[in-house]
Amino acid sequence: MSDRFFPNPMPEFVPEATPATEQELQEAVTVTPGDSLQNLLAMPHSPLSERLKRAALDLKEIIVLETWGLSGQRVGDFTLYCGLLGTAFLLFKSHQVTGNASDLTLCAQIIKSCDAASVRSRDVTFICGRAGVCALGAVAAKHTGDDESLRYYLAQFQKIKLPKDLPDELLYGRVGFLWACLFLNKHLGQGTIPSSYTATVVDEIIKNGRALGRKGKCPLMFEWYGEKYWGAAHGLAGIMQVLMDMELKPDELEDVRETLKYMIHNHFPSGNYPASEEDTKRDVLVHWCHGAPGVALTLVKAAKVFGDKEFSDAAMEAGETVWSRGLLKQVGICHGISGNAYVFLSLYQLTGNKKYLYRAKAFACFLLDRAHTLISRGEMHRGDRPYSLFEGVGGMSYLFLDMVDPSQSKFPAYEL
């Protein structure tokens with residue numbers, strides 16, 4: 001099991017040093033060879049966030065070159081997950097953090113190419129389908145003041161049809177489409193996608209969940225390719241995450257609550273969570289997609305929605321698992337260190353406890369200090385698509401940008 005993650009070498013807590021003078025502050029910002037992980041951990045937030053931002057922007061330039069510039073601007077994979085839309089999403093984030101108008105212009109240009117590549121796609125979700133292209137395209141168009149493109153992308157979004165055989169999960173299913181609707185409403189205004197439209201999708205999800213849930217002790221249960229998954233990408237955690245943002249009837253909301261409590265009551269003694277209903281003895285995966293990290297993010301959401309201490313306690317317990325076993329030998333956000341760092345950012349926003357801010361900083365500092373060396377030695381996997389948002393260094397760049405203002409951080413395409 002330990003071959004999946006690095007032993008955590010970092011102290012439980014390191015207090016930030018406070019520079020006494022402007023010169024010391026500048027020295028803290030200056031990048032010098034041989035900086036140790038310990039020195040990074042002790043660095044005050046302001047100079048550290050500046051260093052992380054610089055690293056993120058340097059990475060962004062490499063990612064754009066590798067995914068867009070060297071390709072001759074041809075689109076092989078258009079998706080947010082591992083394709084060019086992930087590069088566009090990173091550029092949009094960079095624009096939000098820095099205000100760089102060139103990032104927004106390039107973001108819109110890349111989305112236009114993704115639009116042409118995705119027009120015949122049958123996939124309908126934000127992360128892996130046509131909905132992501134249209135939703136991000138509309139939001140980027142609003143920010144550039146391009147009203148014609150805004151109308152176009154919204155019209156294209158409204159043409160998306162959900163197949164009857166669609167699963168319910170996040171990456172390829174109904175809640176992945178609903179997340180795109182939520183993204184549009186957040187950025188363009190409530191009612192952009194009316195609740196009367198999304199209600200029919202929610203009804204189908206609840207109906208499917210109850211039909212399978214009746215066969216067990218959990219009110220809602222879902223299958224993806226015959227497996228009853230629990231995680232964020234394909235299972236219960238991701239579906240509950242999105243449902244908690246929808247308008248639910250009281251009995252539906254209660255089913256969501258009890259489904260999450262079922263998961264809490266059946267987690268591993270270690271604090272980790274099974275990958276699926278059938279996989280109750282294999283305590284191995286500590287990923288966003290499968291395991292404690294994705295579940296923890298959903299439990300934080302549940303603590304805010306229901307105000308129930310059981311959810312916040314369970315989220316913090318899952319966070320301990322991520323701290324001890326979450327320095328994965330992969331870099332990305334789906335199943336890597338970058339994604340696991342968001343557990344601590346989410347717990348920090350929930351509790352205000354600086355322990356969690358330190359832990360997020362620690363995971364980011366580990367990446368900043370060691371990722372490139374470990375990848376070059378073959379000790380860390382850089383992802384099958386090494387420059388992508390969900391598997392590669394795109395996720396690391398996104399995390400570094402989110403560390404500039406941790407109070408506003410959001411796991412990309414999962415937290416709103």
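Of all residues in the stretch 1-27, those satisfying the criterion of being under 30 Å from the mean Cα position of the chain (by Cα), of a type outside the set (Asp, Glu) and either modelled with pLDDT of 75 or more or not in a loop (DSSP other than H, G, I, E, B) (or both) are 2, 4, 5, 6, 7, 8, 9, 10, 11, 13, 14, 15. Every listed requirement among (1) touching a helix residue (DSSP H, G or I) at 6+ places or on another chain (Cβ under 6 Å); (2) open to solvent by less than 20 Å² (accessible area, probe 1.4 Å) is met by residue 334 save one, (1). A search for C-beta distances below 9 Å between a residue of the stretch 199-215 that is touching a residue at least 40 places away in the same chain (Cβ under 8 Å) and any residue that is surrounded by 18 or more Cβ atoms within 10 Å (Cβ to Cβ) and among the aromatic types (Phe, Trp, Tyr), counting only pairs 6+ apart in sequence or on different chains, returns 208/222; 209/222; 213/222.
Residues of the stretch 125-140 that are open to solvent by less than 10 Å² (accessible area, probe 1.4 Å) and either among the charged types (D, E, K, R) or under 18 Å from the mean Cα position of the chain (by Cα) (or both): 125, 126, 127, 128, 129, 131, 132, 133, 135, 136.
Figure legend. Inter-residue proximity from the stretch 157-176: first residues at negative phi and without any contact (Cβ under 8 Å) to a residue 40 or more places away in the chain, second residues assigned to a loop (DSSP other than H, G, I, E, B) and crowded, with 24+ Cβ neighbours inside 10 Å, beta-carbon distance below 6 Å, spacing 6+ or different chains. Indicated pairs: 174/168.
Answer yes or no as to whether residue 415 is modelled with pLDDT under 95, in a loop (DSSP other than H, G, I, E, B), surrounded by fewer than 21 Cβ atoms within 10 Å (Cβ to Cβ) and on the phi < 0 side of the Ramachandran plot. No: the conditions fail for residue 415. Could you grab me the full set of residues in the stretch 75-105 that are without any contact (Cβ under 8 Å) to a residue 60 or more places away in the chain, outside any helix (DSSP H, G or I) and not polar (S, T, N, Q)? 75, 76, 78, 99 - these are the residues of the stretch 75-105 that are without any contact (Cβ under 8 Å) to a residue 60 or more places away in the chain, outside any helix (DSSP H, G or I) and not polar (S, T, N, Q). Among the conditions (1) part of a loop (DSSP other than H, G, I, E, B); (2) of a type in the set (A, V, I, L, M, F, W, C); (3) modelled with pLDDT of 95 or more; (4) open to solvent by 20 Å² or more (accessible area, probe 1.4 Å), the only one that residue 108 does not satisfy is (1). Among the residues of the stretch 225-261, those that are surrounded by 20 or more Cβ atoms within 10 Å (Cβ to Cβ) and aromatic (Phe, Trp, Tyr) comprise 229, 230.
Looking across the stretch 363-404 at every residue that is open to solvent by 30 Å² or more (accessible area, probe 1.4 Å) and free of Cβ contacts under 8 Å to residues at least 40 places away in the same chain, the one that is nearest to residue 352 (Cα to Cα) is identified as 372.
The values are calculated or read from the model by the stated rules, or taken from the named source; none is laboratory data. Only a predicted model underlies this, so the values are computations on that prediction, with no experimental measurement involved. FYI the Cβ positions are ideal-geometry reconstructions off the backbone, even for glycines, and counts take in every protein chain you see. Note: areas computed on protein heavy atoms with side chains; ligands, DNA, RNA excluded. Shrake-Rupley method; radii C 1.70, N 1.55, O 1.52, S 1.80 Å.
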